[in-house]
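The values are calculated or read from the model by the stated rules, or taken from the named source; none is laboratory data. Just so it is clear, the structure is predicted and the values come from calculations on it, not from any experiment. Neighbour counts are summed over all protein chains in view; Cβ atoms, including those assigned to glycine, are modelled from backbone coordinates with ideal geometry.
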Amino acid sequence: MTMVFPSLREELDLLPGPRLPDGQPSWTLHDPVRNLFFQIDWPSFEILSRWAWRDAPRILTAIGRETTLQLNSGDVERLASFLLANQLFQPPTGAAPRLAEALRKKRGNLAQWLMHNYLFIRIPLVRPDVFLGRWSKRLDPLFSRTFLYLTVLAGVFGVFSVSQQWGRFTSTLVDMISWQGLLAYGLTLIGIKTLHELGHGFTAKRFGCRIPTMGVALLVLWPVAYTDTNDVWKLTRRSQRLQVAAAGIATELAIAAWATLAWVWLPEGWPKSVAFLLSSTTWISTIAINASPFMRFDGYFLLSDALQLPNLHERSFALARWSLREGLFALGEPPPESLPANRRTGMILFAYATWLYRLVLFIGIAVLVYQFFIKAIGILLFIVEVGWFIMFPLLKELRAWRERWPTIRSSRRARRSVLLAVGFTALFIVPWPTRISTSALLRPQQAFVVYAPQHARIAALPHEDGSFVKAGALLIAMESPDLQVRTAQIVARRGSLSWQSASAGFDPEQRRDWQVLNAQLATANAEARTITADTLRYAPVAPYDGILRDLDPDLQAGDWVSEGDVLARLVPEGSQQVITYVNDEDLARIAPGDRALFANDGRDGPILRLEVVSIDRDASRTLNEPELAAEFGGHVQVREREGILFPERAIYRVQLKVTDATRAPQFAWRGQVTIASEWEAPGMRFLRAATNVMLRELGF
């Protein structure tokens, strides 16, 4: 029975294309209504050129007689399926309502449209075709080899000169970190991206392509410029397509080269600042954004055209899904397309790298929005991206597995994969021992600190550092000439006032001043007591038995010391403790009585066994142990204001006691403490943290 195929749409164009990697010619099938392009190979071209016959046997006979190709009915049917799926046939009479309904279902409602398109929404702003056509010939000097060579020389000389002034260049970058600087960067970026898109447009127009629109695309609600250059598929030379794809990057690199050179040569002033903005912005945006092949930016199209692999993302994703199924179940299915082994492996790895890159990028954008802009939108973006990049592909792949269930069920490798999946899942849902590691400070529970008083000079050092001192013993003997003078003066004054008061009964004139003399004598006695108290500060004694620590070995009798200097510490034996801080996520995982270990940062002391004694239930407003601040090597992120350290996030003070005190050193050490916390499933910890964030932002 002869199969009669539908007729092709009359407005379709068939244009010659570049040669494929295997050497065969290619053609481009253009749908002008939707401005879509389809690349077809030699067999498909031979079938399409005879499609008007609408008779498969006749088509195959003619191809076998007139060419060296040997095709069968399956080739014709596959091409027919492709044409039908892409709506390239003439619709039958009365099919308009059915096609309209299919289009409506495909578009869906507004929510469905946002779910499928929020990653990349195009907003056309201008129709630049006439403008580009008017100006493209006037820019011929910018496309000449002379300008190319001059730009390369400018870039090399500029980069070399900046490397010689790198400190000055980076300091300028730091100076631009302000609201005014960020605004300037934003305006500069808008201007550069406009020139970037004009570079694509002018280059495509020089090759005779039509540029219907230019505008803004929203990449996860982040605006990026775009130019509609689909018409480049009409170009038969691959080098021309590569030039159009690279034109944006080339434009930015040219701006960067000349701006860098201008920054080196220009004197200080606003022109030099503008050159710096252009230079730094273009180098960063070109390398970090446009050159990336993982998004559908210039780097992707350059790589796709260079490898002659149209639709590189979709084809790589299909190969990656096939590779995953074969690796898990060994189904024996043929790959989606026949490619050399090395190229197929590279495309599979490229697909996994693209998935990972997009996941990290979009979640990073969601976190950025959450931290610095609208938190509710950040949470919504996070939920949508997890659904889009994880849940939706997973559900789609599970449907593919369900279709292959009879084959999967009989596969030995599938059973092994199930066991591995169960074991991997258990790592996230089965509780297992966890540890909390933080920086900590080992110090005595009690310490008597000897501070240097005002205008003090060491008179004697009766003890050495590390020696045992009994209670009541003199720790350090100090003297002060000022205090000695004050003492002599008050002694002389007290003696004079006492004699005058005692002789007042024999002298009528002094008898009248007797009460005044007694008041002055009382003031002198009070001052004498104050001097006596000050004298005790110059001769501190041990309040208890202990070990003298932190005594400067270079300190000698006769040395002057500054007021407030710590001269020594008296530490009682066996009274060490460890202080650390934990965040709110770890707070629920520890309790008094939990075991812990402490090792000092130098790793040259004993590892001490500890026990959690107390945990503050209120967050610490300040950090009283600066050794634990991140800027000094600890783990607590702080900000300093007027000499006080304020934690960046909620932290809770934890006190631990040393259970093997016989091994504990009798001085302060900073180190790492590891607390054996409650058993917990890693997945539950992540789920609890995410739930806490959501509840906090929802106001619960």
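Here are the numbers for this structure:
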item	result
First in region 620-642 and part of a helix (DSSP H, G or I), second anywhere and β-branched (Val, Ile, Thr) and modelled with pLDDT of 85 or more, Cβ under 7 Å, 6 or more apart	Leu628/Val636; Ala630/Val636; Ala630/Val638
Residue within region 547-568 that is over 52 Å from the mean Cα position of the chain (by Cα), closer than 15 Å to Pro462 by Cβ, among the hydrophobic types (A, V, I, L, M, F, W, C) and surrounded by 14 or more Cβ atoms within 10 Å (Cβ to Cβ) present	no
Unique match (being at pLDDT 85 or above, in a strand (DSSP E or B) and among the polar types (S, T, N, Q)) among Ser439, Ser417	Ser439
Within region 1-57, strands (runs of 3 or more DSSP E) holding 1 or more residues that are among the polar types (S, T, N, Q) and not assigned by TED's automatic domain parsing to the domain that holds Glu337	26-31, 36-40
Lone qualifier among Ser323, Ser285, Ser280, Ser316 - being in contact with a helix residue (DSSP H, G or I) (Cβ under 7 Å, 6 or more places away or on another chain), part of a helix (DSSP H, G or I), within 23 Å of Val224 (Cβ to Cβ) and modelled with pLDDT of 85 or more	Ser316
Residue, farthest from Ile40 (Cα to Cα), within region 200-251, restricted to residues that are buried (at least 20 other Cβ atoms within 10 Å of the Cβ) and either in the same structural domain as Val33 (by TED's automatic domain parsing) or among the hydroxyl-bearing types (Ser, Thr, Tyr) (or both)	Thr251
Some residue of region 301-310 being surrounded by 18 or more Cβ atoms within 10 Å (Cβ to Cβ), farther than 25 Å from Thr229 by Cα and in contact with a helix residue (DSSP H, G or I) (Cβ under 7 Å, 6 or more places away or on another chain)	no
Output for region 565-609, where each listed residue is touching a Gly at 6+ places or on another chain (Cβ under 6 Å), outside any loop (DSSP other than H, G, I, E, B) and at pLDDT below 85	Leu570, Val571, Asn600
Sole exception among (1) touching a Ser or Thr at 6+ places or on another chain (Cβ under 8 Å); (2) at pLDDT 90 or above; (3) within 28 Å of Leu361 (Cβ to Cβ) for His196, by number	(2)
